[in-house]
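Here, each number is a calculation from the coordinates, and none is a lab measurement. Computed from a predicted structure; not experimentally measured. Because the Cβ atoms are built from the backbone with ideal geometry, glycine has one as well, and the counts that use them run over all protein chains shown.
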Amino acid sequence: MRKPSPRAPKPNHKSSSKLRIIGGEWRSRQLPILDIEGLRPTTDRVRETVFNWLNFDIPGASCLDLFSGSGALGFEALSRGAKDCTFVELNRNVAQQIKQNLATLQSNNGTVVNNDALSFLQSTPHAFDVIFLDPPFRKGFLEQVIPMISSDWIKPNGYLYIERESESSLDCLPEHWQLIKEKRAGQLTYALYQVVQKFPI
């Protein structure tokens, strides 16, 4: 009589999978990321499209990866020549993993802030060239943070990349954020906006 197969162990949040950088200086490098519920790195295909959109604007740019998670967008930006990137991540273990991955890459251009996005945006502002917004889905975060990203956080003619669930709407977008590109991949819609500089009348 065959013995029953042992049950598979429950997932451990300390176990890790891999994130692959797809372009730039660190192309094809693989970095460990924690297996934590809700952590969904931007896919290779989407990242490739996004950074093709931003191809000439990333080198030398100052970037903010506001809901960092795995740090996929920030690492990709640094690999492609961004001057610096600030990673904002609430989960302490995930933030620590980003720090470890920056050390592995021997990068001094990344700053990791272990804080939630709303609290970060209430701190002293710093104007970025590119802001990545990829918050957890169906939590209402975009509606909260977008009004907080004033001209103090994004430079004139700067870019904002937004990932969201396809069924949601973005009625909270400022009028001077101009849609540049948008695509849909199943339940995901991702788009690039540019801040149109306002001139006095």
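Mind checking the dipole of the chain: about its Cα centre, +1 per Lys or Arg Cβ, -1 per Asp or Glu Cβ, Debye to the nearest 20?
The dipole of the chain has a size of about 1120 debye.
Tell me the mean residue ellipticity at 222 nm calculated for the chain from its helices only (DSSP H runs of n ≥ 4, each -39500 (n - 2.57), averaged over every residue, nearest 500).
Counting only the DSSP helices, I get -5500 deg cm²/dmol.
Can you list, by residue number, the Cys in the chain that have no neighbouring cysteine C-beta under 4.7 Å?
For the chain, the answer is CYS172, because their Cβ atoms have no other cysteine Cβ under 4.7 Å.
Can you list the trypsin sites (Lys or Arg not before Pro) in the range 14-84 that are in a DSSP coil and have 13 or fewer other beta carbons within 10 angstrom?
Those satisfying the criteria are LYS14, ARG27.
Considering the options LEU64, GLN122, ILE146, tell which one lies farthest towards the positive end of the dipole of the chain, charges being +1 on Lys and Arg and -1 on Asp and Glu at the Cβ, about the Cα centre.
Of the listed residues, the answer is LEU64.
State, to one decimal in nm, how far the label point of THR104 lies from the label point of ASP152, with both points 7 Å from Cα in the Cβ direction.
3.7 nm
Mind ranking 60-72, 143-155 by how tightly packed they are, going by the mean number of other C-beta atoms within 10 angstrom, highest first?
Listed from highest to lowest mean packing, they are 60-72, 143-155.
What is the local net charge at LEU64, summed over the other residues whose Cβ is closer than 10 Å to its Cβ (Lys, Arg +1; Asp, Glu -1)?
-3
Contact order normalised by length for the chain, with contacts defined as Cα pairs under 8 Å and 6 or more residues apart; what percent is it?
15 percent
Compute the FRET efficiency between ALA185 and GLU37 as 1/(1 + (r/R0)^6), taking r as their Cβ-Cβ distance and R0 = 25 Å, and round to the nearest 0.05.
With a Förster radius of 25 Å, E is 0.70.
Could you give the distance between the Cα centres of the range 43-84 and the range 144-186, to the whole Å?
Value for the Cα centre distance between the two parts: 16 Å.
Taking only the alpha-carbon positions of the range 16-195 and ignoring solvent, what does the Debye formula give for the base-10 log of I(q)/I(0) at q = 0.10, 0.15 Å⁻¹?
The calculated log intensity ratios at q = 0.10, 0.15 Å⁻¹ are -0.34, -0.81.
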